[in-house]
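Please read the structure below before turning to the comments.
Coordinate-derived values only; no laboratory data. For clarity, every value in this text was computed on a predicted model and none was experimentally measured. Reconstructed Cβ throughout: ideal geometry from the backbone, glycine too, with neighbour counts over all protein chains shown.
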Amino acid sequence: MERQRPTSLRDRARYRFDTTLARSTGMLVSWLVLSCLAVVVPVSALVVWTDPGSPRSLSGRLAAVWRTSAETLRLGAPTGAPVRMALSVLLGIVALLCVSTLVGVITTGLGERLAELRRGRSMVLEEEHAVVLGWSDQVFTVVGELVAARASRRCVIAVLADRDVAEMEEALTASLGRGSGVRLVCRSGSLTSVDTLTLVTPRAASSVLVLPSETPDADSEVVRILLALRAVLGDEAGPPVVAAVRDGRHLPAAGLAAGVRGTIVETDATTARLLVQSARRTGTGEVLRDLLDFSGAEFHLVDLPAGMLQGLTGPRFGDLVLCFERSSVVGLLRPDGRPLLCPAPGTVVTPGERLIVIAHDSTPEAPVDCRECVDPAAVAVPQPERLGPVRVLLLGWNRRAPLLVEALRLGAAPGSVLDVVVDETQAAPSQDHDGSPEDAARLSVTHRSGELLHPESLKDLDLFGYDTVIVLGADAVDGPGHPDDRVLVTLLILREMELRTGRIMPVVAELGDHRNRALAPLGPASDVVVRGELTSLLMAQISHNPHLAAVFGELFAAHGVSVHLRPACHYTPPGYEASFATVVAAARDRGECAIGYRHTDPRSDTGHRHELRLNPAKTERRVWNAQDEVVVVANDAAAPEQPHGTLDAVPGMRHDCQEQEQEQEQPQE
């Protein structure tokens, strides 16, 4: 048995000292007095003995030491009888206690007030401010867009969440930066408490936005917040309320809780549809982000210019698309509030209808006849596309994956294949996604597990035999790390395969944090969809202009009109110089509304450099090449030669390889 080490004198002294201090406050004060005297008295004696003018006698020097020590400790410095000196010390101690008590009271009051402000419990006395309720990754996009929408005027954005105020302010400031004219005010508390909601004065706000949290019961919490908000606002007219839920099953309950002033957006379904749209044509996500943020062209409602109405009838919609040089007309808003996107060119505009346009600001543009800029000789003859079954590879699984599979099934031609590879650490999907025999004939779904973070597992999948690859991240990760880490590693492996083989692989990846977009190793035909980003942009747009809620509901519905990227050769022959008005006229004849283009330069040193231009001038002329794409608003079944929602063939992948093989076989025959 090991012998105990003998206790040193220093350890014993420290133990006695600690034990004495732990007894009471009086002992702590006693030690403090002794420590002060042990320093002040010797130093005062040294000062007196080294002073040439000090008294020569011992009693005089001791009196000088007393005066110096008493002045240092603020105890007074009278000399004489011992009783007089004792009374002086007593008065000094009483004065010291009074001053210390007063300082303590003031310090405690200020500390409590600062702690109250730090907890965010004071009332926000503002008007026409924006209120954001909840905290998640979406808050940075929502607040950033609200700041951009209100950059021209000074206003306040109040954020209420059940988090530390200093932490929220630091995170928002780091994400948004400083120097904007918008003031951020953060408050903390329970979002389902009526008393807490009154802190941000929602009655006087211009809009209220409710964000779902990252907890499993986030949608139920959103419903409770909407009920509490309804109790605060009452049945009177109030600000528009825009809320988001993750699961569509909570849409009816959230709509009832929000009331007539509320608009509910579904996050998971919107993300799944955006993933499918990006898989159909790379770059769709970039177009939608540009359309929905406040930095460029966005949707607006304008009245029909005076003079265009002729009695009870107005112009045809096909004529209006060429009546504005820098605005793109994409639909009509009927007097009852129902939108009509991309109507037939022969649709007559009636009084009371408003134009749905895409422009850089809401200022109405004077009409300009752009029909003279159209070159009929530069309009391409519509030709049917050879579109058939597609093969899609889905890497990963989460709660949005079933919605994605359903969206793929609705948009795939019969005979299409979806192979699902789930990481071994993720929960395996159920095998009942094939649905009816008709659905299985349209899209065959197979499942298997693999090691997605291992390069050899992905190399065995024949990745270049698929038309597109979709990478999903987990909803949550057990232990350290972030769900985006797996997606980034998978993208890194896929990009390395592209560089090693020299072939293009269209990849669409889902990320949860918008800051990881800059870290994603993407190829020339790859895209990233940030989960909840599109929903956040929609919420900001609707809160800024509630009349656009019906327009966005029609644009992002499961069926009907949506945003597409079409090859420019559908509208004008490659190599021709033509104006954008010519492309608009060609799209109109196909039942579509052209709103911009996406130029690809394959000769760029950094890869395929893309340049997106929305809402260009109709008079702009350029040479259109085979890599250019036209951004159109069109019905999924507008083109008779294209099946409803069929995935577009992606250049450089399986369809192009098949066409090259057929061309090589023809001369041999």
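Checking the a/c ratio against 1.5 first, then a/b against b/c, what shape does the Cα gyration tensor give for the stretch 120-260? It comes out prolate by the Cα gyration axes. 3J(HN,Hα) couplings calculated from phi for the stretch 273-288 with the Karplus curve 6.51 cos²θ - 1.76 cosθ + 1.60 (θ = phi - 60°) are, in sequence order, 5, 5, 4, 5, 4, 5, 5, 5, 8, 4, x, 4, x, 5, 5, 5 Hz; Gly and Pro show x. Using 0.36 nm per residue and subtracting the Cα-Cα separation, the extra length available between Phe17 and Glu438 on full extension is 143.1 nm.
Relative contact order of the stretch 120-260, taken over Cα pairs closer than 8 Å and 6 or more residues apart, is 29 percent.
Among the GluC sites (Glu not before Pro) in the stretch 149-242, those located in a DSSP loop and surrounded by at most 16 other Cβ atoms within 10 Å of their own Cβ are Glu214, Glu236.
Highest mean packing first, where packing is the average number of other Cβ atoms within 10 Å per residue, the peptides 526-538, 57-69, 124-136 line up as 526-538, 124-136, 57-69. Using a simple spin-label model with pseudo-atoms 7 Å out from Cα toward Cβ, Glu127 and Ile106 lie 3.8 nm apart. Taking θ as phi - 60° and the Karplus parameters 6.51, -1.76 and 1.60, the scalar couplings of the stretch 468-473 work out to 7, 10, 10, 10, 10, x Hz in sequence order, x denoting glycine and proline. Computed over neighbours whose Cβ is under 10 Å from that of Pro483, the net charge equals -3, Lys and Arg +1, Asp and Glu -1.
Around the amide H of Val210, modelled in the peptide plane, lie the amide H atoms of Leu133, Val242, Ala243, Ala244, all under 5 Å away and 5 or more residues distant in sequence or on another chain.
Here Lys618, Lys459 are placed in order of increasing Cβ neighbour count within 10 Å, fewest first, which gives Lys459, Lys618. Based on the Cβ-Cβ distance of Arg183 and Ala366, what FRET efficiency does E = 1/(1 + (r/R0)^6) give at R0 = 35 Å, to the nearest 0.05? Efficiency, from the Cβ-Cβ distance: 0.45.
If you take all C-alpha pairs in the stretch 391-532, what percent of them are over 18 Å apart? Above the 18 Å cut-off, the stretch 391-532 has 54 percent of its Cα pairs. Amide H to amide H distances under 5 Å link Val528 with Ala509, where only residues 5 or more positions off or on other chains count and H is placed in the peptide plane.
Converting phi to 3J(HN,Hα) with the Karplus coefficients 6.51, -1.76 and 1.60 and the offset θ = phi - 60°, the stretch 614-630 yields 9, 6, x, 5, 5, 7, 5, 10, 7, 8, 8, 9, 5, 8, 6, 10, 10 Hz in sequence order, with x at every glycine or proline. Rounded, prolate or oblate: which fits the stretch 251-313 when a ≥ b ≥ c are the square roots of the eigenvalues of the alpha-carbon gyration tensor, with rounded for a/c under 1.5 and prolate only if a/b beats b/c? Oblate, because a/c is 1.5 or more while a/b does not exceed b/c. Around the amide H of Thr201, modelled in the peptide plane, lie the amide H atoms of Val124, all under 5 Å away and 5 or more residues distant in sequence or on another chain. Once you reduce the stretch 255-275 and the stretch 318-380 to the center of their Cα atoms, the two points are 28 Å from each other. Label sites at Thr192 and Val33, each approximated as a point 7 angstrom past Cα along Cα to Cβ, lie 5.6 nm apart. Subtracting the Cα-Cα distance of Glu577 and Ala204 from their residue separation scaled by 0.36 nm leaves 128.8 nm. Label-to-label distance for Ser175 and Leu453 is 2.6 nm, based on points extended 7 Å past Cα in the beta-carbon direction. If the chain linking Val260 and Arg515 were pulled fully straight, counting 0.36 nm for each residue of separation and taking away their Cα-Cα distance, it would gain 88.2 nm.
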